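Right, one structure below, let's go through it.
The values are calculated or read from the model by the stated rules, or taken from the named source; none is laboratory data. Bear in mind the structure is a predicted one, so any value in this text is a computation, not a measurement. Please note: Cβ atoms are built from the backbone with ideal geometry, for glycine as well, and neighbour counts cover all protein chains shown. The protein model used for the area step is the full one, side chains on, heavy atoms only, and it has no ligands, DNA or RNA in it. Shrake-Rupley method; radii C 1.70, N 1.55, O 1.52, S 1.80 Å.
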Amino acid sequence: KRVYTSRVKLDISTKFGDWIERDLLDADKNDIDNIILRDYSINERTGKVDERAVVVLEKHGEWTMPGLRADEEIVKSKLDDLLGALDELKIEEVRPKPEGLSASLTRSTEKLTINNDDVVSLQSKGYFFTRDGRLLSNEGEAVVRTNDGCAYALRFGEVVYGSGSAGAPGGPAGAQGGAGENRYLFLTVAFDRSALSEPPMPPKTDFL
């Protein structure tokens, strides 16, 4: 029933990024063994997808790319830049995704279950649905796999000018809170069984 008073110097941060693990993938770049880069654009009126290029990078001791000729090789500096960028992806802010979107991301249903307002909101951030219900981004996507079978699908959306919840998508006209640039990013994770081999059968299976 007593009440105490004390003199305490507190410096508690209210910044979102100070209270979370900001490393987005939480994976070391040396553990990445497969990268698929998909370059495409979307006709926002018709929903038609223009697939420009797909680049596959594989690590088998050394990095290689299917289809390379004997006199061709990967530019190591470009690969190092890519791996470094993936390793340094940091969370700046988290926005809630529309209810019903998870089913579309996992392709567990062919039916789109989000409303028109949510569709418009996604489009303002650079995400569009195709006619068959796939969610694509206006800046392409990448699938990054680590040697433990985690496959991260990254869909890159609009640039966000400013920081935290004050940030605004679009361009300099929407800049708030500084000139720093971030980008909307949808991240989904799946398990790729092909990355791991089956353990060998024991030589003896007769157990007492």
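Brief remarks follow.
- Among residues of the range 32-48 being polar (S, T, N, Q) and part of a loop (DSSP other than H, G, I, E, B), the one that is least open to solvent (accessible area, probe 1.4 Å) is 46.
- Total residues in the range 53-70 satisfying the condition of being of a type in the set (A, V, I, L, M, F, W, C) and farther than 21 Å from residue 140 by Cβ: the figure is 2.
- Residue check, residue 2 basic (Lys, Arg), under 29 Å from residue 132 (Cα atoms) and either assigned to a loop (DSSP other than H, G, I, E, B) or out of contact with any Pro (no Cβ under 8 Å at 6 or more places or on another chain) (or both): no
- Whichever residue in the range 1-48 is under 30 Å from residue 84 (Cβ atoms) and β-branched (Val, Ile, Thr) and, among such residues, is modelled with the lowest pLDDT: 42
- Of all residue pairs spaced 6 or more apart or on separate chains, none has beta-carbon atoms under 9 Å together with a first member in the range 167-194 that is basic (Lys, Arg) and loosely packed, with under 12 Cβ neighbours inside 10 Å and a second member that is modelled with pLDDT under 50 and assigned to a strand (DSSP E or B).
- Scanning the range 4-15 finds one or more residues that are closer than 25 Å to residue 94 by Cα and in contact (Cβ under 8 Å) with a residue 24 or more places away in the chain.
- Counting only strands (runs of 3 or more DSSP E) that sit completely within the range 49-146, those holding 2 or more residues that are open to solvent by 40 Å² or more (accessible area, probe 1.4 Å), modelled with pLDDT under 90 and touching a strand residue (DSSP E or B) at 6+ places or on another chain (Cβ under 7 Å) correspond to 49-60.
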